[in-house]
Amino acid sequence: MDQGESPLRGWLLSLLLLMFIFCPAASADERMVLVLHSYHPEMVWVTDISAGIEGVLGTSTDPIQIRTEYMDTKRYDSPEYLDQLAAMYRYKYRDDPPDCIIVADDAGLRFLLDYRDELFPGIPIVFCGINHYDPLLIEGHTGITGVVEGLNIHDTLVLIRTLHPDMKRLVVINEKSITGEQTLRTFSGVASVLPASVSVDYIEGESLPAIGNRLGSYGGGDVILLLALTNDPDGAAFIPHDRVGSSIAARTDAPVYGIFEYYLGEGVIGGVFCIGRDQGRIAADLARKILDGADPDDLPVIEEIETKAIVDHRALIAHQIAPEDLPPGTEIINTPPPIVEIPVYILIALLFGCVFLVTIVVMKEAELQRQRGMEAELREREELYRGISERSFDPIVTIDPDGRITYLSPSFQRVAGMAVTAVIGTQLSGFIANDDREKVSRAFETIRNGERVEDLTFRFLRSDGKEAMIEATFFPIRKGGSIIGIQGLLRDITERMELISQQKEAFRQIEENITQLAILGDHIRNPLQVIEGYTILGNGEYALEISEQVRRINDIVSRLDQGWVESENVRAFLKRHYAIDPDHEDEKH
């Protein structure tokens with residue numbers, strides 16, 4: 001092998017190694033976690049679990065795709081419906097199976113146990129939100145672990161007993177469902193914590209309107225406890241379910257408690273709850289360990305989890321319960337901001353500060369009003385000047401210090417025969433006849449020195465190739481003491497110059513005629529005198545007639561002399577009043 005190739009090959013191998021180490025993982029390395037919710041996404045319990053899962057897996061540095069399915073078994077739970085769900089999941093995940101499944105609540109776990117071998121064979125399962133967990137539920141199944149919801153009805157009854165020592169009757173409201181039956185059994189197992197003097201009434205399997213009608217008979221000495229209450233007797237879900245608690249509380253004067261956090265709202269005092277977000281977080285932690293290589297069978301089911309006593313401050317006040325009577329560690333929500341006593345000197349300082357700020361605001365507003373007035377006046381002036389410019393018969397032009405045209409009024413098109421837009425940004429000198437450019441350039445230097453130039457004439461090159469004679473007045477544009485441009489008024493005097501030229505030619509012809517007239521008179525008189533002399537000397541037959549004709553011709557010549565005098569007076573008048581003189585050009589042109 002050529003020794004020159006060895007360093008190159010080594011460099012390429014090093015580059016490939018660096019790309020392998022530092023480049024992001026390909027999409028093929030992305031792992032998928034399927035979150036299977038038993039219920040519908042409108043439930044607060046469901047959204048809390050999802051938030052807990054997202055808080056762990058969604059912030060992972062490894063690429064993890066979270067896909068979520070909602071079984072909606074609060075509304076539909078027939079075998080035919082579950083078979084259709086299985087068919088849909090089989091179609092969706094047959095060629096794209098998840099790496100791990102997180103299932104929330106009992107219905108979803110039972111579904112997976114029934115359909116797992118058909119839909120997700122060998123895929124690890126992590127459950128959460130499971131009530132009344134029995135290890136026999138997953139006996140014979142491998143690759144399954146999770147966290148138990150663990151209803152704390154016992155501590156809820158202790159909280160009720162503590163806050164209502166004079167309670168006479170506890171009214172338990174529950175639904176008739178699998179969840180309702182399991183929850184009722186749990187309640188019955190801890191009901192002994194209640195004083196013997198407290199009786200228990202049950203309202204089971206009734207619709208919300210029917211429950212509301214019955215609650216009207218309860219009042220002083222009674223306490224309401226909500227167990228499982230998400231479906232009416234026909235199996236239809238109470239929607240939205242998170243308003244069930246406030247709906248019950250609005251129909252009774254008795255204090256209302258619940259065993260699920262989502263019951264909290266307008267009117268429900270509280271309870272001791274298992275937090276949905278914690279359920280999702282713990283389940284996501286277990287799924288994270290499985291994705292990192294842990295065996296699910298080595299991860300024991302978490303059955304003991306922390307619950308929390310939560311009460312609503314508004315409901316406490318409504319039922320005249322002092323916050324000081326709450327058990328230690330109870331969380332109070334919807335607490336109003338504390339009232340803080342402020343020293344007098346701070347109040348005075350705040351008062352002066354407010355007065356100062358108000359003064360500043362008033363002054364600033366006055367300044368803003370003044371500025372708005374000035375801006376409005378400026379806009380009016382701009383509109384006025386723009387209108388004058390747009391309607392001006394003579395073109396108005398502005399030029400920057402480099403000689404480029406920055407503005408032209410519409411009348412420019414009439415004079416130059418070209419569109420205004422085609423000229424903006426070009427040099428004005430490009431449209432001036434070569435013989436006049438030096439004169440215009442000197443005039444611009446004078447303007448840049450701050451002086452005004454009037455009656456400057458030059459020939460302008462039109463688009464049709466003809467020349468237009470322009471008479472211009474230019475003056476500097478100032479800003480802040482500096483000259484930032486030139487503004488000018490252009491007047492087309494082509495027709496006027498042609499008229500002056502014609503007048504001069506006519507005057508020249510008049511002078512020539514007058515001169516010829518004077519010479520003609522002399523040329524006629526001299527022969528007449530000779531003729532008259534010969535006539536007198538000859539004294540012939542026609543002498544008198546000839547003399548008469550000579551006299552008449554002489555009279556005509558005299559009248560011509562008189563006309564010459566009058567023509568000379570006309571000539572002097574034209575010179576004096578119309579400045580017409582063919583022998584001298586008008587200096588300004």
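When 425, 488, 430 are checked against the criterion of being assigned to a loop (DSSP other than H, G, I, E, B) and not aromatic (Phe, Trp, Tyr), 425 stands alone in meeting it.
Restricted to the range 142-238, the set of strands (runs of 3 or more DSSP E) holding at least 3 residues that are at pLDDT below 85 is empty. Restricting to the range 413-447, count the residues that are within 25 Å of residue 497 (Cα to Cα) and either open to solvent by 60 Å² or more (accessible area, probe 1.4 Å) or not aromatic (Phe, Trp, Tyr) (or both). Number satisfying all stated conditions: 21.
In this structure, is residue 133 in a helix (DSSP H, G or I) and over 21 Å from residue 47 (Cα atoms)? Against the criterion (in a helix (DSSP H, G or I) and over 21 Å from residue 47 (Cα atoms)), residue 133 does not qualify.
Return yes or no: is residue 450 part of a loop (DSSP other than H, G, I, E, B), under 15 Å from residue 487 (Cα atoms) and open to solvent by less than 80 Å² (accessible area, probe 1.4 Å)? So residue 450 fits the description; yes.
This table checks each residue for (1) under 45 Å from the mean Cα position of the chain (by Cα); (2) assigned to a loop (DSSP other than H, G, I, E, B); (3) free of Cβ contacts under 8 Å to residues at least 12 places away in the same chain.
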{"residue": "288", "(1), (2), (3)": "yes, no, no"}
{"residue": "297", "(1), (2), (3)": "no, no, no"}
{"residue": "300", "(1), (2), (3)": "no, yes, no"}
{"residue": "311", "(1), (2), (3)": "yes, no, no"}
{"residue": "332", "(1), (2), (3)": "yes, no, no"}
{"residue": "335", "(1), (2), (3)": "yes, yes, no"}
{"residue": "339", "(1), (2), (3)": "yes, yes, yes"}
{"residue": "346", "(1), (2), (3)": "yes, no, yes"}
{"residue": "351", "(1), (2), (3)": "yes, no, yes"}
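Taking first residues from the range 60-72 that are open to solvent by 30 Å² or more (accessible area, probe 1.4 Å) and partners that are of a type in the set (D, E, K, R), the Cβ contacts under 6 Å between residues at least 6 apart in sequence or on separate chains come to 63/30; 65/30. Can you list residue pairs whose Cβ atoms sit under 6 Å apart, with the first residue in the range 193-209 being open to solvent by 50 Å² or more (accessible area, probe 1.4 Å) and of a type in the set (Asp, Glu) and the second being in a strand (DSSP E or B) and at pLDDT below 95? Count only pairs 6 or more apart in sequence or on different chains. From residues that are open to solvent by 50 Å² or more (accessible area, probe 1.4 Å) and of a type in the set (Asp, Glu), the pairs are 204/174. When the criteria are applied in full, residue 414 meets the requirement of being of a type outside the set (A, V, I, L, M) and within 47 Å of the chain's Cα centre (by Cα). Do we have residue 269 as buried (at least 17 other Cβ atoms within 10 Å of the Cβ), in a loop (DSSP other than H, G, I, E, B), at negative phi and of a type outside the set (Lys, Arg) here? Considered against the rule, which asks whether it is buried (at least 17 other Cβ atoms within 10 Å of the Cβ), in a loop (DSSP other than H, G, I, E, B), at negative phi and of a type outside the set (Lys, Arg), residue 269 comes out as no.
The values are calculated or read from the model by the stated rules, or taken from the named source; none is laboratory data. Just so it is clear, the model here is predicted, and its values are computed rather than measured. Here the Cβ is made from the backbone with ideal geometry for all residues, glycine too, and neighbour counts use every protein chain on show. With ligands, DNA and RNA removed, areas are computed over all heavy atoms of the protein, side chains included. Shrake-Rupley method; radii C 1.70, N 1.55, O 1.52, S 1.80 Å.
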